[in-house]
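S.K.: Next up is a structure, given as structure tokens.
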4 protein chains.
Amino acid sequence: MSNHSHHELASPLTRSARPAALNPRKSPRQSRATSTVAIILEGAARVLEESGLRAYSTNAVANRAGVSVGSVYQYFPAKEAITRALIQRETGALLAEVKSLAAVNSPRPALEAVIDACVAHQLRRPALARILDLEEARLPLGDDVADLGRALATALHQILLRGGLRDEDATLVVAADLLAIIKGIVDAAGQRGETDAAALSRRVRRAVFGFLPAEFY
Amino acid sequence: MSNHSHHELASPLTRSARPAALNPRKSPRQSRATSTVAIILEGAARVLEESGLRAYSTNAVANRAGVSVGSVYQYFPAKEAITRALIQRETGALLAEVKSLAAVNSPRPALEAVIDACVAHQLRRPALARILDLEEARLPLGDDVADLGRALATALHQILLRGGLRDEDATLVVAADLLAIIKGIVDAAGQRGETDAAALSRRVRRAVFGFLPAEFY
Amino acid sequence: MSNHSHHELASPLTRSARPAALNPRKSPRQSRATSTVAIILEGAARVLEESGLRAYSTNAVANRAGVSVGSVYQYFPAKEAITRALIQRETGALLAEVKSLAAVNSPRPALEAVIDACVAHQLRRPALARILDLEEARLPLGDDVADLGRALATALHQILLRGGLRDEDATLVVAADLLAIIKGIVDAAGQRGETDAAALSRRVRRAVFGFLPAEFY
Amino acid sequence: MSNHSHHELASPLTRSARPAALNPRKSPRQSRATSTVAIILEGAARVLEESGLRAYSTNAVANRAGVSVGSVYQYFPAKEAITRALIQRETGALLAEVKSLAAVNSPRPALEAVIDACVAHQLRRPALARILDLEEARLPLGDDVADLGRALATALHQILLRGGLRDEDATLVVAADLLAIIKGIVDAAGQRGETDAAALSRRVRRAVFGFLPAEFY
DNA sequence: CATGAATGAGCGTTCATTCAT
DNA sequence: CATGAATGAACGCTCATTCAT
């Protein structure tokens, strides 16, 4: 009777470039709508944190958020759109912070601040951060999400350039490697249940500055 | 509520405690059976590599392997058991290599060899390696799989101790951090499609030895 | 190994202890839902009557009821729960009647009325009644269903006591035997296709009162 | 590749009237074959007794019997054929006994002996007897099995006629009712775990002779 | 707009049956 | 003949998605 095939996304209203169907279905214009989106995202976050990916169903999210499934689909065209929005919500703050830090003058303190921000971010909601990291890799998410990663790398790249590194290509790879190092250590620590941000930061700094050439100042 | 288990062929040699249900259902007695297991695992590997986790269904695995679902369930009691066996197949060789390298005398060459092994492993089948890493984290797999990770960390730890590092507790964390650094860089590189093992190895070495204290020889 | 339960709508009113999983999944809140439950049960009844236990699959029930499988699972957590509900629907009326008859003063007319009720019940939908009897014995159904049998025996027991029988233990066995006699004759008759309730009642009465001691009045 | 549909029986070798496919596939001519059939049947009996209908699969039967599934299908064309043969094995002895008792002169002792035989039969392997009774009703078994029931009824019928009852039609129904009474009481007792054959026999006799008209001698 | 009942393709899994060895 | 690996239709059940109210 209803002839959809819910495993493939096909949206009649392609608004953005690639996986357009994952864009929010309607831009909330009323404050009520805005808060509903936030409520749903927080519901999704809690389901993931408390019950894991196995329990992460649209119905579970709706229940946890205290709304109906129908409402969820008012604001998100598909389940993956929720995941994407959640990733953006979580990474957005971190990205903004990193971007502003990248503009600061001295490269070394900037880099240290970036590290601190990453550590703080991961330790705030470690289980959620870890799962979202996994999903970011697992799902064919949109450009927006890929952009988050690229923006982080770009910010780091700028810091490196200002720190005295030269060759453009090389520094982009270096930035990517740095990011991989930071994420690797911090994720693993979060997974092991570490909570001491200062200690964790110290270890990450050691890795980062050990990796960078001596001429970085 | 799954309500019958008609296969009373519980493996007589239950080795791991908890997820015993994931142990192989029967040990193959005919020669053709032995190869069937391998064929199924390779089918699973190809589904994962070529179509990703979304397409990773038991029927897809069976089709790709050229056998029937029934045959899959002759040897694996559940889908997760296939994943587990695949992880063991893939990580097994790496672990064996690392273990033997850990026994080699000079710590620095040992560590370099470990890095080379990790890089080679990841670059052989990058997509598969990455997905299996994710699944290893995502699934409640058996002790055997957890042991793989622990064995790697232990091997690294021994190298560190022989390399002159002292405080036991600290070195365990250092080993974990090193592993996270290696995995982080190599995974990200594999995901970006890098294929130059030598260049990748060089970068990982820089990160590892930059992280280690200067007294490591 | 069934490995997710995405419906966290556990009924707030869990009434029976053990097979709680067989309790209705949700209490219908919209009027249409109430009728859906009835429609599903009648679909199940017709599948059983017309095609027997072999054809009694959840999809067959859904088709016969004119709904989707999904709808079936909105209200019943498992196939057995449908069977259980059907048994309760069918036996419920009989039990209520028997209970009220057990309260009537004169034991002999009460007993005769009970017999008539059993006969009428069995002849109304003989095939269904027979199959449900078998399933009641075959399946590990909940306390509620076991209670039905016990309630019938208890009701009979009370009639016997009021009829002048003494020894408690003995009369419980007598009640069980009477029930077995009634069920045996009536089931067999239903299976043979008998439709004459009056004639059947006469034969059952002969068996019952022939079995009871002469002092029963 | 193999185009069978294992839920419908279609046998190329129709030897007997109705569900011919359920006849033994080959009449065992060697003693080894004869004993294999017996071994398989006993395996089936034990699976049913110890693990119930849920566990009653052809593989389970083969395992319990210590033979391979292939061997089972050498002697039985389908699973139901095993069930049917088991019913015949179990009821055969009882039927033979009843038949010989029916030939004895005095009707009352003959009837008492029949009752004793039924009780003894049920108490020997109560769980098995009960399950086979259920299956006899549940499955579309062959004429042979239906004949068992008819033969029992016929034997009873002869006893009744010799006991002084007249009207032919009526006595056939009476025989059926008697059988239903006996089976009803004895089955229920077996299910409750009763083991006292003498006491059970006494109750069944009371029911039977209470049901028969006084002129039966 | 919100609700939640309804949908159905698809999943994991079973097991009666076949057939190469 | 015996074996047991292989088969695949069918089952119970899930859950992303739709739509009548």
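Every number in this text was worked out from the coordinates using simple rules, so none of it is lab data. Nothing here was measured: the structure is a model prediction, and the numbers come from that model. When we count neighbours, we look across all protein chains shown, and the Cβ atoms used for this are built from the backbone with ideal geometry, even at glycine.
S.K.: How big is the dipole moment of the range B:56-128 about its Cα centre under a simple scheme where the beta carbon of each Lys and Arg is +1, that of each Asp and Glu is -1, and everything else is neutral? Debye, nearest 20, please.
M.R.: 160
S.K.: Sorted by packing (mean other beta-carbon atoms within 10 Å per residue), highest first, where do A:184-195, D:181-192 land?
M.R.: D:181-192, A:184-195
S.K.: Can you run phi through the Karplus equation (6.51, -1.76, 1.60; θ = phi - 60°) for the range B:87-102 and list ³J(HN,Hα) in whole Hz, with x for Gly and Pro?
M.R.: For the range B:87-102, the Karplus-derived couplings read 4, 5, 4, 6, 7, x, 4, 4, 4, 4, 4, 4, 4, 5, 5, 5 Hz, x marking Gly and Pro.
S.K.: Give, rounded to the nearest 20 debye, the magnitude of the charge dipole that the range B:29-76 has about its Cα centre when Lys and Arg contribute +1 at Cβ and Asp and Glu contribute -1 at Cβ.
M.R.: 160
S.K.: So, one more: Put a label point 7 Å from Cα along the Cβ direction on A:G92, then list its distances to the equivalent points in the other copies in nm, shortest first.
M.R.: 4.8, 5.0, 8.0
S.K.: Here is a further query. So if I take the centroid of the Cα atoms in the range A:31-102 and the same for the range D:123-196, what is the distance between those two points in Å?
M.R.: Measuring centre to centre over Cα atoms gives 66 Å.
S.K.: Order of A:145-154, A:129-138 by packing, highest average Cβ count within 10 Å first?
M.R.: Going by the mean number of other Cβ atoms within 10 Å, highest first, we get A:129-138, A:145-154.
S.K.: May I ask which of B:K99/B:K183; C:K79/D:K183; C:K79/D:K79 have a Cα-Cα span longer than 19 Å here?
M.R.: C:K79/D:K183; C:K79/D:K79
S.K.: Quick one: Karplus J couplings for the range C:34-40, per residue in order, coefficients 6.51, -1.76, 1.60, θ = phi - 60°, nearest Hz, x for Gly and Pro?
M.R.: Rounded to whole hertz, the list is 3, 6, 4, 4, 4, 4, 5.
S.K.: Per residue of B:155-166, what is the mean number of Cβ atoms on other protein chains within 10 angstrom of that residue's Cβ?
M.R.: The shielding value for this peptide is 0.
S.K.: For the range D:62-108, what mean projected area does the convex hull of the alpha carbons give, in nm²?
M.R.: That works out to 4.5 nm².
S.K.: Taking amide H atoms as placed 1.01 Å from N in the peptide plane, list the residues 5 or more away in sequence, or in a different chain, whose amide H sits under 5 Å from that of B:F76.
M.R.: Residues meeting the amide H criterion: B:R25.
S.K.: Under unit Cβ charges (Lys, Arg +1; Asp, Glu -1), what dipole magnitude, rounded to 20 debye, does the range B:81-211 have relative to its Cα centre?
M.R.: That gives the range B:81-211 a dipole magnitude of about 400 debye.
S.K.: Can you tell me the mean projection area, over all orientations, of the convex hull of the range D:81-211's alpha carbons? Units nm², please.
M.R.: That works out to 7.5 nm².
S.K.: What gaps in nm, shortest first, separate D:T34 from its twins in the other copies when you place the label 7 Å past Cα toward the beta carbon?
M.R.: Ordered by increasing distance: 4.3, 6.9, 9.2 nm.
S.K.: Something else now. Which percent of the Cα-Cα distances in the range B:29-76 go past 14 Å?
M.R.: 41
S.K.: Defining the label point at 7 Å along Cα→Cβ, can you sort the distances from A:Y73 to the same site in each other copy, shortest first, in nm?
M.R.: 1.7, 3.1, 4.5
S.K.: On to the next question. Other chains near A:202-209: what is the mean number of their Cβ atoms within 10 Å of each residue's Cβ?
M.R.: Taking the mean over all residues of the peptide, I get 4.
S.K.: Around C:Y56, which amide H atoms from residues at least 5 apart in sequence, or from another chain, sit under 5 Å from its own amide H, with H modelled in the peptide plane?
M.R.: none
S.K.: Another one. Determine ³J(HN,Hα), in whole Hz, for all residues of the range A:52-66 in sequence, where each value follows from phi through the Karplus function 6.51 cos²θ - 1.76 cosθ + 1.60 and θ = phi - 60°; x replaces Gly and Pro.
M.R.: x, 5, 4, 8, 7, 10, 4, 5, 5, 4, 4, 4, 4, 7, x
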